[in-house]
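Q: What follows is a structure written as structure tokens; I'll ask about it next.
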Amino acid sequence: MTRRFLFTLISICIYAGFMSAQVSSDLLQVTGQRLIGKTLNGENVREVHGNVIMTQGNIRITCDSAVQFLANNTADLMGHVVVTQDSILIKTDRGFYYGDTKVAYSTSGIWLTDKHFQLTSQNGYYYFNEKKSDFAVNVKMVDSLSTLLANRLFYFNDENKGIAFGNVQVRDTASTLFTDSLVFYRKSKTSHAFNNVRVYDPKNHLALFGDRLENIDSLKYSKITGQPFMVKIDTTADGKLDTLFISSREMESIGDSSKKLIATDSVKILRGDFSSVNGQTFYFQQGDKLEIFKREKDERAPVIWNDQTQLVGDSIDIFLKKNRLDWIDVRANASIINIDKDSLFRYDQISGKNLKLFFGENGLERTEVEGNVLSIYYLYEKDQPNGLLKSSAERAKIFFKDKKVNDVKLYGKPVSEYHPENLIEGKEKDFTIPTFRLYKNKPVKREMLAARKNLLYYLEKEEKYYAGKPDSSKRRP
């Protein structure tokens, strides 16, 4: 019985000694040139002055002076405070350290680096156990590729993950992102932005707006949802603003500096007198080209309006030259309706398998049609109605002057029928091509911009820029 008691007592003593050693090793170890012990508000404290060094495990703190609160295992750090743990380096003028939880805190401006980035703010916590930063007020994070600004930022070192809130900005050499909040992974270079998303590319005068953005930098891929909207501002040869607007339910950007933009579902396009409604559009910024498609699930083909001309086709390529409409290539089920506003329902009409439209400085100049050509165009004698000509052929060329048909040339078994004026007056609706249909949902700038305050603000700034032409290198989006 005695031996068993002694063995138990020895075991308890060994365990107690082990626990005591474990607790003591977790206490702050402090050295300095001068140590003063005192009681402050009933609590035992130790003042340390001159070349203060504190250690706790692999955490090392240096400063000019400190007050250590022994019971709470905390310290008030003052003057040239430097805290290190592995690759983490923290600097501040004054800070606090909580030994039990291993947390450093400062409200006097804080600077942190892990050798891959620099993080600064007015206030900040660093959690050494979790290797997590919680920085607030004027937060700035800089690495070799970009600069992030925010009101608050949580950063997790082991995951290379950051969560930023409030007036978030991310700037790189090509663009600037603004958003309400951002989740990003620094190592994999992926990010997700939420609410009031705006991306500005000042070099190309291009801006993207939406509610949510997903970006995968390694693939040069971005996706915007939540009423996405694209604006690209250019000028015409005579210096007038020439702005391209595109809206849709989803937008994807592929390549550097938005080289290729894919707008999908309920797409609307507007640029001067040119507009379109379609299911999907590819916009090639560098090549000044638009590709418009009818997808399998789309109920109707894409529609394009240019001044008084309505164009429909399953697949349409639009080519620009020096910010001016150059030519349009329409493939499959193509039709054109030229609307004469001065004549009730007297619409020049053309349909065919494929067609091409060529534009000059004064608008549409020539149309070439191939495959099952059908055409109806109205004749005029000294500006007075003079019947119509209904024709069919394998190929056709239609020439325009003053936005009206001036000449028609038919090739390959052409057949034409002339209908005199007295037989068509009041019966114009009886003379239409089989695919005739007028579309009424033409995009309007005022409606497209409604409720988009950020976009209106951007346009206002761009218009002022073009009016004053300041040095673009000094501009901010």
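Q: Just how much of Glu381 is accessible, in Å², when a 1.4 Å probe is used and the result is rounded to the nearest 10?
A: Glu381 exposes around 110 Å² with every protein chain in place.
Q: Could I have the simple spin-label model distance between Glu381 and Asn333, label points 7 Å from Cα toward Cβ, reported in nm to one decimal?
A: Here the answer is 4.1 nm between the modelled labels.
Q: To the nearest 500 deg cm²/dmol, what mean residue ellipticity at 222 nm is calculated for the chain from DSSP H runs of n ≥ 4 alone, each contributing -39,500 (n - 2.57), summed and divided by the residues?
A: Taken over the chain, the calculation gives -3000 deg cm²/dmol.
Q: List, in order, the whole-Hz ³J(HN,Hα) value for each residue of segment 222-227 obtained from phi through the Karplus relation with A = 6.51, B = -1.76, C = 1.60 and θ = phi - 60°; use x for Gly and Pro.
A: 3J(HN,Hα) across segment 222-227, in whole Hz: 9, 9, 10, 10, x, 6.
Q: Got a sec to turn the phi values of segment 312-327 into Karplus ³J(HN,Hα) couplings, 6.51 cos²θ - 1.76 cosθ + 1.60 with θ = phi - 60°, whole Hz, x for Gly and Pro?
A: In residue order, the calculated couplings are 10, x, 6, 9, 9, 10, 10, 10, 10, 9, 6, 6, 10, 4, 9, 7 Hz.
Q: Right, next: Amide H neighbours of Tyr380 under 5 Å, counting only residues 5+ apart in sequence or on other chains, H built in-plane at 1.01 Å?
A: Answer set, sorted by chain and number: Asn386.
Q: Nothing charged except the Cβ atoms of Lys and Arg (+1) and of Asp and Glu (-1): what's the magnitude of the dipole of the chain about its Cα centre? Round to the nearest 20 debye.
A: So the dipole magnitude of the chain works out to roughly 720 debye.
Q: So what is the orientation-averaged projected area of the chain, using the convex hull of its C-alpha atoms, in nm²?
A: Spelled out: convex hull of the Cα atoms, projected over all directions, averaged, 36.9 nm².
Q: Too long at a 27 Å Cα-Cα cut-off: which of Lys382/Lys429; Lys259/Lys321; Lys161/Lys461; Lys232/Lys453; Lys259/Lys404?
A: Table pairs above 27 Å Cα-Cα are Lys161/Lys461; Lys259/Lys404.
Q: Roughly what angle does helix 453-468 make with the longest principal axis of the chain, taking Cα atoms, 0 to 90 degrees, to the nearest 10?
A: Once rounded, the angle reads 70 degrees.
Q: At R0 = 51 Å, how high is the FRET efficiency between Asn167 and Lys353 if r is their beta carbon distance? Nearest 0.05 is fine.
A: Here the calculated transfer efficiency is 0.40.
Q: Under a 1.4 angstrom probe, counting protein chains only, how are Asp348, Asp402 ranked by accessible area, largest first?
A: Asp402, Asp348
Q: Next up: Restricted to Cα positions, what overall size does segment 234-372 have along the principal axes? Three whole-Å values, descending.
A: 46, 42, 26
Q: Continuing with the same structure: Using only alpha carbon pairs under 8 Å that are at least six residues apart, calculate the relative contact order of the chain and give it in whole percent.
A: Reported relative contact order: 5 percent.
Q: How would you classify segment 340-425 from its alpha-carbon gyration tensor, with a ≥ b ≥ c the square roots of the eigenvalues: rounded for a/c under 1.5, else prolate if a/b is greater than b/c, otherwise oblate?
A: Oblate, since a/c reaches 1.5 and b/c is not below a/b.
Q: Something else: Can you find, among Phe178, Asn204, Ile233, the residue farthest towards the positive end of the dipole of the chain? Put +1 on the C-beta of Lys and Arg, -1 on that of Asp and Glu.
A: Checking the options against the dipole of the chain, the answer is Phe178.
Q: Considering the zone a paramagnetic label at Lys297 would reach in this model (a point 7 Å from Cα along the Cα-to-Cβ line), which residues of segment 195-238 have amide N under 18 Å from it?
A: Those under the cut-off are 224-228.
Q: Can you list residues whose amide H is under 5 Å from Asp242's amide H, if they're 5+ apart or on another chain and H is modeled 1.01 Å from N?
A: Under 5 Å from the amide H of Asp242 lie the amide H atoms of Asp234, Thr235, Thr236, each far enough along the sequence or on another chain.
Q: How far is helix 2-25 tilted, in degrees, relative to the longest principal axis of the Cα atoms in the chain, given as a value from 0 to 90 rounded to the nearest 10?
A: In the chain, helix 2-25 runs at an angle near 50 degrees to the longest axis.
Q: Further question: Among Phe359, Ala136, Ile337, which residue has its Cα furthest toward the positive end of the charge dipole of the chain, with +1 on Lys/Arg Cβ and -1 on Asp/Glu Cβ?
A: Checking the options against the dipole of the chain, the answer is Ala136.
Q: For Tyr200, Tyr98, what's the largest-to-smallest order of accessible area, 1.4 Å probe?
A: Per-residue accessible area, sorted high to low, gives Tyr98, Tyr200.
Q: Residue by residue through segment 141-149, which ³J(HN,Hα) values in whole Hz follow from phi under the Karplus form 6.51 cos²θ - 1.76 cosθ + 1.60 (θ = phi - 60°), with glycine and proline marked x?
A: Karplus values, whole Hz, x for Gly and Pro: 10, 10, 10, 5, 10, 8, 10, 10, 10.
Q: Moving to a separate point now. Can you give the charge dipole size of segment 268-413 about its Cα centre, rounded to the nearest 20 debye, using +1 on the beta carbon of Lys and Arg and -1 on the beta carbon of Asp and Glu?
A: 140 debye
Q: Same structure again: Determine, from the Cβ-Cβ distance of Trp111 and Glu159 and an R0 of 22 Å, the FRET efficiency 1/(1 + (r/R0)^6), rounded to the nearest 0.05.
A: 0.50
Q: Round to a whole number: what % of the accessible area of segment 317-463 belongs to carbon and sulfur, probe 1.4 Å?
A: C and S fraction of accessible area: 47 percent.
Q: From zero up to wherever the largest Cα-Cα distance of segment 75-166 sits, split into 5 Å bins and tell me the percent of pairs in each.
A: With a bin width of 5 Å, the distribution comes to 3, 14, 28, 27, 18, 7, 2, 0.
Q: Right, something else. Quick check for you: with a 1.4 Å probe and neighbouring chains kept, what is the accessible area per residue of the chain, in Å²?
A: Heavy-atom accessible area per residue stands at 54 Å².
Q: Given a 1.4 Å probe and every protein chain left where it sits, what share in percent of the accessible area of segment 59-166 is carbon and sulfur?
A: In segment 59-166, the share of accessible area belonging to carbon and sulfur is 49 percent.
Q: How are the alpha carbon pair distances in segment 30-134 distributed across 5 Å bins from zero to the largest one, expressed in percent?
A: 3, 13, 25, 25, 19, 10, 4, 1, 0
The values are calculated or read from the model by the stated rules, or taken from the named source; none is laboratory data. Remember, it's a predicted structure, so these values are computed and weren't measured experimentally. Neighbour counts are summed over all protein chains in view; Cβ atoms, including those assigned to glycine, are modelled from backbone coordinates with ideal geometry. Accessible surface areas use protein heavy atoms only, side chains included; no ligands, DNA or RNA. Shrake-Rupley method; radii C 1.70, N 1.55, O 1.52, S 1.80 Å.
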